[in-house]
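Below is one structure, written out as structure tokens; the observations come after it.
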Amino acid sequence: MQHTYVLTLSCQDRPGIVHAVSGFLFEHGGNIEEAAQYNDHATGLFFMRVQFACTQLTQDDLRVRLNVFAEPFGMRWSLHPLAEPVRTVIFVSKEGHCLNDLMFRWKSGLLPLDIRAIISNHREFYQLAASYNVPFHHIPVTAATKAQAEAKQLDIIRSEGAELVVLARYMQVLSNDLCRELAGKAINIHHSFLPSFKGAKPYYQAHDRGVKLIGATAHYVTADLDEGPIIEQDVARVDHTDTVEDLTARGRDTESQVLARAVKWHSEHRVLLNGHKTVVFK
């Protein structure tokens, strides 16, 4: 039986890596369907994503042999069955445009996700969750209860086997401990073109500065607020006649599209971490 996989890898660059990878796959019955690579000359690192079909080996056998193959290169690698959706938990607060967009795209077959739960510090979207038959967990967060609330959130993430957490306008700052727990598998949407206008109320900051472009940024979550590795960004043009409310309304579409693209690329295993940056094989 034929299975299709996505292999991603990174290591120090040196001659012959592409030849070695393609040779390894050929020797084990792999047929390459799509491949992309990037050499970062500033860091000397090599990145590669390969989609391939394989009929000869099981996934477990492939992993064992990949581990042996990768060791001399010092590779960091991952292997994912292409047909297997990414188990996902979504966090949201009171702004539902990003959540609604993700749910619609998921149910339309546009995102390879398995959305296991929605977690919110407010009750606004329990009916939306119910309409998609997704469990909704209301976990209020205050300064006094933050630790207990995050413990409950982490229990849900673990019990659902979530591989991805999406902060779809979740307006609570995660603790350093939770950020470390979710390193490389939590995506946030920030409603500005980072690194400009970090933190709270970026549209107010943008309006106060009289900007002519507003933006949105999807990035991985780190303990440094709004400074995680950037996956995707986009902008919308504004002018002096626009109020803060105009900027907010216009920015919603940009936020939704940017987050959807970032989630799609992550769930298709097209995003590799490169220090505080990312490599995105679109």
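Restricting to the range 140-172, give me the number of residues that are among the aliphatic types (A, V, I, L, M) and more than 27 Å from P112 (Cα to Cα). Reasoning before the result, please.
Residues of the range 140-172 that are among the aliphatic types (A, V, I, L, M), as a first pass: 141, 143-144, 147, 149, 151, 154, 156-157, 162, 164-168, 171.
With more than 27 Å from P112 (Cα to Cα) added as a condition, the list becomes 141, 143-144, 147, 149, 151.
Result for the range 140-172: 6.
Among the listed residues K185, K201, which satisfies the condition of being among the charged types (D, E, K, R), under 17 Å from W265 (Cα atoms) and out of contact with any helix residue (DSSP H, G or I) (no Cβ under 8 Å at 6 or more places or on another chain)? I'd like the intermediate steps shown before the answer.
Details: K201 fails: under 17 Å from W265 (Cα atoms).
After ruling out the rest, the residue left standing is K185.
Which of the residues spanning the range 168-183 are touching a residue at least 60 places away in the same chain (Cβ under 8 Å), among the aliphatic types (A, V, I, L, M) and buried (at least 21 other Cβ atoms within 10 Å of the Cβ)? Explain how you work it out, then say what you get.
Going through the range 168-183, the residues touching a residue at least 60 places away in the same chain (Cβ under 8 Å) turn out to be 168-172.
Pick out the ones that are also among the aliphatic types (A, V, I, L, M) and you get 168, 171.
Scanning the range 168-183 gives a single hit, A168.
Just to be sure before I move on: is G109 on the phi > 0 side of the Ramachandran plot and within 18 Å of the chain's Cα centre (by Cα) in the structure I sent? Full working, then the answer.
Values: on the phi > 0 side of the Ramachandran plot: yes; within 18 Å of the chain's Cα centre (by Cα): yes.
Here the answer is yes, as G109 does meet what is asked.
Considering every residue within the range 35-55, establish whether at least one is farther than 25 Å from T278 by Cβ, out of contact with any Ser or Thr (no Cβ under 9 Å at 6 or more places or on another chain) and not assigned by TED's automatic domain parsing to the domain that holds L164.
Within the range 35-55, one or more residues are farther than 25 Å from T278 by Cβ, out of contact with any Ser or Thr (no Cβ under 9 Å at 6 or more places or on another chain) and not assigned by TED's automatic domain parsing to the domain that holds L164.
List the number of the failed condition for K282; all other conditions in (1) closer than 30 Å to Q12 by Cβ; (2) of a type outside the set (S, T, N, Q); (3) touching a residue at least 24 places away in the same chain (Cβ under 8 Å) hold.
Status for K282: all satisfied but (3).
Is at least one residue of the range 172-188 under 20 Å from T241 (Cα atoms), in contact with a strand residue (DSSP E or B) (Cβ under 6 Å, 6 or more places away or on another chain) and of a type in the set (G, A, S)? Before you say what the answer is, go through the steps one by one.
Applying the first criterion (under 20 Å from T241 (Cα atoms)) to the range 172-188 yields none.
No, the range 172-188 contains no residue that is under 20 Å from T241 (Cα atoms), in contact with a strand residue (DSSP E or B) (Cβ under 6 Å, 6 or more places away or on another chain) and of a type in the set (G, A, S).
Out of everything in the range 155-183 that is among the basic types (K, R) and not in a loop (DSSP other than H, G, I, E, B), what residue ends up being farthest from I214 (Cα to Cα)?
Taking the candidates together, the pick is R158.
Each row is one residue, and each column tells you yes or no for (1) in contact (Cβ under 8 Å) with a residue 24 or more places away in the chain; (2) surrounded by 14 or more Cβ atoms within 10 Å (Cβ to Cβ); (3) under 25 Å from E268 (Cα atoms).
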site	(1), (2), (3)
I118	yes, yes, yes
N133	no, no, yes
Q148	no, no, no
L154	yes, yes, yes
R158	no, no, yes
V166	yes, yes, yes
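Taking the range 184-236 as the search range and keeping residues that are among the small types (G, A, S), buried (at least 17 other Cβ atoms within 10 Å of the Cβ) and part of a loop (DSSP other than H, G, I, E, B), which one is modelled with the highest pLDDT?
G228
On the basis of being β-branched (V, I, T) and either part of a helix (DSSP H, G or I) or over 21 Å from V6 (Cα atoms) (or both), does V279 make the cut? Step through it out loud before you land on a result.
Working: β-branched (V, I, T): yes; either part of a helix (DSSP H, G or I) or over 21 Å from V6 (Cα atoms) (or both): no.
Spelling it out, it is not the case that V279 is β-branched (V, I, T) and either part of a helix (DSSP H, G or I) or over 21 Å from V6 (Cα atoms) (or both).
Each row is one residue, and each column tells you yes or no for (1) at pLDDT below 95; (2) among the small types (G, A, S); (3) not in a loop (DSSP other than H, G, I, E, B).
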position	(1), (2), (3)
L66	no, no, yes
P72	no, no, yes
S78	no, yes, yes
L99	no, no, yes
R105	no, no, yes
G109	no, yes, no
H122	no, no, no
A130	no, yes, yes
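Do you know which residues across the range 58-85 are closer than 17 Å to H3 by Cα and in contact (Cβ under 8 Å) with a residue 60 or more places away in the chain? Give the derivation first.
Keep residues of the range 58-85 that are closer than 17 Å to H3 by Cα, which gives 58-66, 78-85.
Selection gives S78, L79, H80, P81, L82, A83, P85.
The values are calculated or read from the model by the stated rules, or taken from the named source; none is laboratory data. Note that the structure is a prediction, hence the values are computed from the model and not measured. Every residue, glycine as well, gets a Cβ built from its backbone with ideal geometry; the counts of neighbours run over all protein chains shown.
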